[in-house]
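The values are calculated or read from the model by the stated rules, or taken from the named source; none is laboratory data. As the structure is a prediction and not an experimental result, all values here were calculated from the model. Cβ placement follows ideal geometry from the backbone for every residue including glycine, while neighbour counts extend to all protein chains displayed. For the accessible areas, the whole protein counts, side chains as well, though only heavy atoms, and no ligand, DNA or RNA atoms are used. Shrake-Rupley method; radii C 1.70, N 1.55, O 1.52, S 1.80 Å.
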6 protein chains.
Amino acid sequence: MRLLLVNPNVTGAMTEAMAAEARRFASPGTEVVTATAAFGTQYVEIRTEAAIAGHAVLEALAAHGAGCDAAIVAAFGDPGLAAAKEMMAVPVVGLTEAAVLAAWALGRRFAIVCLTPALGVWYRDAVEALGLAGRLVAVRPLDVAIPDIMRAKEQTRALLVAECRQAVERDGAEVVILGGGPLAGLAREAAGEIPVPALDGVSCAVRLAESLAALSPRAPGAESFARVAGKPSRGLSAALTRRVGSDVLAGNTGG
Amino acid sequence: MRLLLVNPNVTGAMTEAMAAEARRFASPGTEVVTATAAFGTQYVEIRTEAAIAGHAVLEALAAHGAGCDAAIVAAFGDPGLAAAKEMMAVPVVGLTEAAVLAAWALGRRFAIVCLTPALGVWYRDAVEALGLAGRLVAVRPLDVAIPDIMRAKEQTRALLVAECRQAVERDGAEVVILGGGPLAGLAREAAGEIPVPALDGVSCAVRLAESLAALSPRAPGAESFARVAGKPSRGLSAALTRRVGSDVLAGNTGG
Amino acid sequence: MRLLLVNPNVTGAMTEAMAAEARRFASPGTEVVTATAAFGTQYVEIRTEAAIAGHAVLEALAAHGAGCDAAIVAAFGDPGLAAAKEMMAVPVVGLTEAAVLAAWALGRRFAIVCLTPALGVWYRDAVEALGLAGRLVAVRPLDVAIPDIMRAKEQTRALLVAECRQAVERDGAEVVILGGGPLAGLAREAAGEIPVPALDGVSCAVRLAESLAALSPRAPGAESFARVAGKPSRGLSAALTRRVGSDVLAGNTGG
Amino acid sequence: MRLLLVNPNVTGAMTEAMAAEARRFASPGTEVVTATAAFGTQYVEIRTEAAIAGHAVLEALAAHGAGCDAAIVAAFGDPGLAAAKEMMAVPVVGLTEAAVLAAWALGRRFAIVCLTPALGVWYRDAVEALGLAGRLVAVRPLDVAIPDIMRAKEQTRALLVAECRQAVERDGAEVVILGGGPLAGLAREAAGEIPVPALDGVSCAVRLAESLAALSPRAPGAESFARVAGKPSRGLSAALTRRVGSDVLAGNTGG
Amino acid sequence: MRLLLVNPNVTGAMTEAMAAEARRFASPGTEVVTATAAFGTQYVEIRTEAAIAGHAVLEALAAHGAGCDAAIVAAFGDPGLAAAKEMMAVPVVGLTEAAVLAAWALGRRFAIVCLTPALGVWYRDAVEALGLAGRLVAVRPLDVAIPDIMRAKEQTRALLVAECRQAVERDGAEVVILGGGPLAGLAREAAGEIPVPALDGVSCAVRLAESLAALSPRAPGAESFARVAGKPSRGLSAALTRRVGSDVLAGNTGG
Amino acid sequence: MRLLLVNPNVTGAMTEAMAAEARRFASPGTEVVTATAAFGTQYVEIRTEAAIAGHAVLEALAAHGAGCDAAIVAAFGDPGLAAAKEMMAVPVVGLTEAAVLAAWALGRRFAIVCLTPALGVWYRDAVEALGLAGRLVAVRPLDVAIPDIMRAKEQTRALLVAECRQAVERDGAEVVILGGGPLAGLAREAAGEIPVPALDGVSCAVRLAESLAALSPRAPGAESFARVAGKPSRGLSAALTRRVGSDVLAGNTGG
């Protein structure tokens, strides 16, 4: 199967790092292809950036989604996920969604450890938006400067693991999620230092996407868009225009 | 005070219709100015369109928000509202938010009447996302074709009022909200035909925005963005780039 | 418009202090008139006092409500509010209700700071009774003696502001409510010392009452009492007897 | 033990009817004494009447509660119950509370059948206020005129039983509560016609009050009022003044 | 009436200790008879042991339940309770259930104090499973070794009482439950040292069982099993086979 | 990897049918091995049977779990699942759990279609126990006699599919789950007749178990049992005794 990993951030190096981790967990026969947001910020940390990224994710899916069996919105916080699920005929999963659903199956109480307080706020919102906060016992952010997001995982490794252990000891977490696309791989690398299952979003999302594609293949044309009439639009790429519209108002880009 | 009404839809005629209703409920001394989404669809009906509109709302606020004391995201469903509140230093309110908060104060149980089933799904999601679905007893959509969104209010008037009455009689609603920006004014016009208070989003939002601006003036510079460091960005307008970023990656538009 | 502020406490000086703050936030053209509970306690702090005050509020509204466009139940904790809304044909709002609804629109998480632990228990109950506790992250009471309720605001000012700051720093509050009618004005006076919007009930209630009166004028005779047949009653004032009853049993007061 | 049944309605015949049912379920050695509200309405049906009754219940408990081991607030809907629990040193229970707690133990889903729609609204509010609506699957009111509340039980018997059966068949209720003090005894009389356990508030309250008194005898002086300083009051009876106050302002009645 | 106390643990001495406490609270005329689990563990502490005990409880009820008017599942945590209620035609109550329902009537917030962290996890689960965790403000386990479960109450008495006091002072508990069958009697013995009502499961369960039997006598043959056809079974005792089955597959024990 | 499918029912033919469906969805390299409950009923339909089955599942896991990388509790309703997760060092998943988590990722609202009303009650309880009922919009049982559980899928196929379609059209379900181990395969076979994704528990559980085993391999010895001291036991098989106990009381079976 062909699995599209969409990075909602504009940082190509991050796309590659996540794709590498994705391929490590992909089943034989799964091809992981990637797309990076055409616009937005270096990484998504707050609601403003998430709203921009939600649009960018749709553009990327419209441009690169053809021929894929499933897709991943690869930023923890899942920008644009509900819209992406609606727009696409194939399963689309998010990092938060996938990690939290796995946590639900592995234990009664889970915690999220992440890099900054602002990320923590957004991640909590994301879990609440999924309706899955019932077992979330803590969000534990570091409070450090992040001069280089691509090196943050290595630079804060000890702090992150210490927070994971605190989540177990103080909050009673039975599962810990390392939240944040740039932390991909850390759950695996530090598993031996954390006394309960540790999860990260990328690996969970790969497995969830593969499972949904296998469990529920939908026919082409079953997109939920079929349920509403297309509408005139403006200022969207040609690919996205095809997804939402019947007519084109002045101003749609050639894209 | 100066109040910015942002239409998340690309339809200028709709902006004008909503602004007219807004001015009718604005206090003396309130100036209502408007902005229309630069990109997106004719009107927002589904999550995909809402995700696009969320970005467009931020662009409009970045471009036109300077000097305003408050702003309204003027599509029922509130696309981009949480991000807009975060990005702006002045209060920003949404139509769903404002109508539901007013309904909360007017009765124990409220219902929403709207034009299409797809709108009904999105509106319910919006109320749930606000955490205010505890008193929502019904969403009652019509199921009619909408050849001209600007004439839908007149063309479906009798059907909408009939649904409002059903909401009272069958669902026990003590307040009815007529959901949808293009329905602005109908709650006022049909109040005599509905046996409980009827609300629409535009008028509620004007009053809520004025109240919040009066109750809680915040100093310039208090934007929540001050809490996180700016980030490099790409592909955003100059105005929005200033809101999110410290540096500009290749590809930001001149905007 | 004419706005009736009902003080559920028997302390006339408190009525005047709250009315002064109310007039400061009222729109031009709004006349604030007042009534003070004819029976009850100096101020309401616990459920027992609140139950007594609930009856006193109804008596005051029955006696003084004629000709008003809206009313305020002016004790934080909202004694008798649900009954008052039911009994009156015009909007009635409470201090807790108004402040919490405004907080809901201004941020994701709010806290309440108040004078005593007993008040804190009652205020939390009031928010839960409204169904709006989903974003209440903390109730932070002082624990000081209150020899003179009318001077408590000045005497405990520094302590109250310190609690507000703790609510932001430790509880993540994005909005702080200073709970208690006698604290009216402090949110405004101390706004510069609190890093997030600070609200008090009186100003919020004035604005909410004005808005509801403007948004949803109901015809006289639409009182919910019209829905049930009047009943014989005993021991009530003449004014309240008219509101609930069809006949008078022996023992109604001449009131 | 000595058990005080307080009727929040002013109708003495109703007090006697409920007391008779109470004595039928009381254990040997339990003496049931009664008090009837000194002011209020013939029966409590709506929130306005309930707020008045809440005060009347406190007056009755203050006047007649001395020497009792437990008390019952004997109107379904439990007017003033939270305050009564706070004010008294002995257990106080309500009809709704007692019936719902028993229902919780007897089945997974329960329904309430009652005389009028307005009662149904109030009863639902009461269950929600208790935080026990999680298993309430339906409130089924009749919609009949009630010319004589004391004869309503006999006059509507067949209709009430039919609603009970509907609650089982259509709503999946595993327990049915016949809500309303004037229906006391019907659950017992009609048990053979209802295929699941049927409960009424008076009998449940007798048993709950006896149990709490036996399980948790509290020392005199342990009233929660001990937690707050008394306050000056006005317009209350002498007995209630002693419960809330340290001083008496001008205007307290001689009571 | 005849009340069957079933000990889900295999420890006969514990059965006797709980029966003694039960008889202390039973009404005159109530006979308490006992049964001890035929298989399982010394005491139930974790979910695995609870699942085994759930089956053992059903076996004990099938073997000894004939002729009883009500039954008690006498391990805090209520193993097998929902099934036992379904299987039996007479009321069956659990220790957690009974104590929590009594707590609900005695105060707004309750806490549970118990012997070990593992018990605390299980007890919290049990309260959540009942849907009654809304007022549970804390579970406070000791963390001590339990060399002899039958002497734990005496050996840890001071620690348990100290935790009860902490629950009141730090968590705002208005009621404290001493959780654990082997702690039966401590709530009564230590009542004077705890400033709020203290409850234990056995005494609460006796009173609840008596009340339900009095309030809702059901005819024999009304078991919910009548609702589904019997099924072939294997490996069950003869008594339990009669409860679930129509036929016997090879392997049912002679039991 | 080696995946143990435990049938909580005593019907061996059902084990084989579910294993066949499981193997169809298992990844290359996954070996599916089986165990059938040693005691219990032909199939599990009600809480009583589920409580018995919970014990049987633990016995089967204790007897056959060694050397497995994950396990499935293969009855919809998940008898014994929480205990099984606790007892085993490897992931254990249930049919309801797996299907509901997949449904959560595929749509906003899901429904369950099943064979009998009693099953519907139990399935709803199971979803609520998981804390995942927030998106469950309907449980739609048939109400037919089931003379042969192994042929029920074929005999009621048209009725089941019709209910699935009703769930979409009337309840707004975006995902439908065909609940019940004996229905394994129907979701796949009838996918073309149902306009939204259709899921069954067995296939979902295979994928979830494989994913969890890959994502979170835990070291042997990490069983949660390590957290509590073993206890003496009685009447358990030798294998289960080793899981729970340190000593053996008289009466453990030789098993």
* Residue count, the stretch F:109-138 (criterion: away from chain A (no Cβ under 14 Å) and either open to solvent by 30 Å² or more (accessible area, probe 1.4 Å) or of a type in the set (Phe, Trp, Tyr) (or both)) -> 5
* If F:Gly67 satisfies every condition in (1) in contact with a Lys or Arg (Cβ under 8 Å, 6 or more places away or on another chain); (2) at pLDDT 95 or above; (3) on the phi > 0 side of the Ramachandran plot but one, which is the exception? -> (2)
* **Residue in the stretch C:83-108 that is nearest to the other protein chains (Cβ to nearest Cβ), counting only those that are touching a Cys at 6+ places or on another chain (Cβ under 8 Å) and among the small types (Gly, Ala, Ser)** => C:Ala102
* Asked: Does the stretch B:116-132 hold any residues that are of a type in the set (A, V, I, L, M, F, W, C), over 15 Å from the mean Cα position of the chain (by Cα) and modelled with pLDDT under 95, and which are they?
  -> B:Ala118, B:Val121
* Some residue of the stretch E:84-97 being outside any loop (DSSP other than H, G, I, E, B) and open to solvent by 10 Å² or more (accessible area, probe 1.4 Å) -> yes
* Take the stretch D:142-159 and flag every residue that is within 20 Å of the chain's Cα centre (by Cα) and away from every other protein chain (no Cβ under 14 Å). => D:Arg151, D:Lys153
* Asked: When the stretch D:216-236 is examined, which residues are found to be modelled with pLDDT of 85 or more, open to solvent by less than 20 Å² (accessible area, probe 1.4 Å) and either away from chain C (no Cβ under 14 Å) or part of a loop (DSSP other than H, G, I, E, B) (or both)?
  -> D:Leu236
* **Residue count for the stretch A:69-83, restricted to those that are open to solvent by less than 10 Å² (accessible area, probe 1.4 Å), more than 20 Å from A:Gly180 (Cα to Cα) and in contact with a strand residue (DSSP E or B) (Cβ under 7 Å, 6 or more places away or on another chain)** => 1
* Structure fact -> Counting only residues that are open to solvent by 30 Å² or more (accessible area, probe 1.4 Å) and within 15 Å of A:Phe76 (Cα to Cα), the stretch A:177-207 contains a total of 1
* Asked: Of the residues in the stretch B:170-197, how many are more than 25 Å from D:Trp122 (Cβ to Cβ) and assigned to a helix (DSSP H, G or I)?
  -> 10
* Given (1) away from every other protein chain (no Cβ under 11 Å); (2) acidic (Asp, Glu); (3) free of Cβ contacts under 8 Å to residues at least 60 places away in the same chain, index of the condition D:Asp69 fails -> (3)
* Of all the residues that make up the stretch B:1-43, how many are within 13 Å of another protein chain (Cβ to nearest Cβ), assigned to a helix (DSSP H, G or I) and more than 15 Å from the chain's Cα centre (by Cα)? -> 4
* Within the stretch C:59-82, which residues are aliphatic (A, V, I, L, M), touching a Leu at 6+ places or on another chain (Cβ under 6 Å) and more than 16 Å from C:Ile149 (Cβ to Cβ)? -> C:Ala62, C:Ala70, C:Ala71, C:Ile72, C:Val73
* Quick check: is even one residue across the stretch A:45-53 polar (S, T, N, Q) and either touching a residue at least 24 places away in the same chain (Cβ under 8 Å) or more than 10 Å from every other protein chain (Cβ to nearest Cβ) (or both)? -> no
* Structure fact -> Here the residues within the stretch B:122-169 that are within 18 Å of B:Thr41 (Cα to Cα) and not small (Gly, Ala, Ser) are B:Trp122, B:Tyr123, B:Ile146, B:Pro147, B:Asp148, B:Ile149, B:Met150, B:Arg151
* **Residues within the stretch E:113-169 that are closer than 24 Å to F:Met87 by Cβ and part of a helix (DSSP H, G or I), tallied** => 15
